[in-house]
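Read the structure below first, then the notes.
The values are calculated or read from the model by the stated rules, or taken from the named source; none is laboratory data. Small disclaimer: the values here were computed from a predicted structure and weren't measured. Cβ placement follows ideal geometry from the backbone for every residue including glycine, while neighbour counts extend to all protein chains displayed. The protein model used for the area step is the full one, side chains on, heavy atoms only, and it has no ligands, DNA or RNA in it. Shrake-Rupley method; radii C 1.70, N 1.55, O 1.52, S 1.80 Å.
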Amino acid sequence: MQFISVPPANSQTPAGLVVTLHGWGANAEDVASLLPYFNLPDYQFVFPNAPFPYPYAPLGRAWYDLREENMYEGLAESRQQLKDFVLSLERSTGVPLSRTILSGFSQGGAMTFDVGSKLPLAGLVVMSGYLHPEAIAPNTTNISPILIMHGRQDEVVPLKAAVNARTTVESLGVPIEYHEFDTGHEINLEMLNVARNFITNTLV
């Protein structure tokens with residue numbers, strides 16, 4: 001899996017590791033451009049590229065197909081590749097899973113729910129995301145704390161998706177922080193401020 005890795009600004013041992021997944025049709029460079037706004041210079045960041053090409057733009061990537069005729073095609077492969085990739089980071093970065101945050105936007109948020117719920121991570125950050133069908137089994141336990149953020153005017157992934165996800169994971173007893181914003185389908189500075197607080201509070 002191709003990725004961008006940015007070590008801490010001070011070259012010290014990272015205070016934690018933040019893995020951020022892009023949405024459908026974006027790529028690692030897109031989310032890596034947000035790095036200065038996270039304002040977490042003591043952390044290592046990793047931005048992986050999804051494994052599949054995006055059908056509508058040469059530089060875009062996809063975790064799986066979202067076209068109606070091929071809905072969810074590639075999900076099983078992406079799920080396995082992402083899980084293996086996150087597990088490999090413990091060895092390559094020296095940061096344990098217990099100090100690793102998995103985060104994602106839109107389709108990347110859906111992958112965060114799916115894969116993150118199956119790994120012993122410090123926490124999950126889901127921005128404008130949604131739950132895959134049957135992504136989290138009803139008897140799942142020990143899911144990491146989750147931050148869910150969503151825009152009330154989101155026309156791509158409706159707010160209802162965030163509400164449904166919150167209801168599902170709350171029913172499993174997962175610690176949740178939930179925020180709505182007066183925005184559309186986007187990542188804004190307010191979201192990144194909330195994410196930073198969640199990350200630093202989770203990795204105390």
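Accessible surface for segment 129-197, divided over its residues, is 52 Å² per residue with a 1.4 Å probe.
With no solvent and one equal point scatterer placed on each C-alpha of segment 110-202, evaluate the Debye formula and give log10 I(q)/I(0) for q = 0.15 Å⁻¹, two decimals. After summing over all Cα pairs, the log10 values are -0.52. For the chain, the share of alpha carbon pairs falling in successive 10 Å distance bins from zero is 9, 39, 39, 12, 1 percent. Listed by number, the DSSP H helices of the chain that run 18 Å or longer by alpha-carbon position along their axis and have mean Kyte hydropathy of at least -1.0 are 75-93, 189-202.
The string of couplings for segment 120-130 from the Karplus curve (6.51, -1.76, 1.60, θ = phi - 60°) is x, 8, 6, x, 10, 10, 10, 10, 6, x, 7 Hz, one whole number per residue in order, with x for Gly and Pro. Counted by Cβ distance under 11 Å from residue 135, the other residues give a net charge of 0, where Lys and Arg count +1 and Asp and Glu count -1. When +1 charges are put on Lys and Arg Cβ atoms and -1 charges on Asp and Glu Cβ atoms, the dipole computed for segment 70-204 relative to its Cα centre reaches about 420 debye. Mean projected area of the convex hull spanned by the Cα atoms of segment 151-195, taken over all viewing directions: 3.1 nm².
If you take the Cα centroid of segment 126-145 and the Cα centroid of segment 173-196, the two points sit 17 Å apart. The mean accessible area for residues of segment 1-79, using a 1.4 Å probe and ignoring ligands and nucleic acids, is 51 Å² per residue. Phi angles across segment 14-20 convert, under the Karplus curve 6.51 cos²θ - 1.76 cosθ + 1.60 with θ = phi - 60°, into 3J(HN,Hα) values of x, 5, x, 10, 10, 9, 10 Hz, Gly and Pro given as x.
Volume per residue of the convex hull around the Cα atoms, evaluated for segment 30-85, comes out as 94 Å³.
Measuring nothing but protein heavy atoms, the accessible surface of the chain at 1.4 Å probe radius is 51 percent carbon and sulfur.
Computed over segment 139-204, relative contact order equals 41 percent, with contacts defined as Cα pairs under 8 Å that lie 6+ residues apart. Only Cα pairs under 8 Å and 6+ residues apart enter the sum, and on that basis the relative contact order of the chain stands at 18 percent.
The HN-Hα couplings worked out from phi for segment 134-143 by the Karplus form 6.51 cos²θ - 1.76 cosθ + 1.60 (θ = phi - 60°) are 6, 5, 10, 5, x, 9, 5, 10, 6, 6 Hz, whole numbers, x standing for Gly and Pro.
Expressed to the nearest 5 percent, the antiparallel share of DSSP beta bridges inside the chain is 20 percent.
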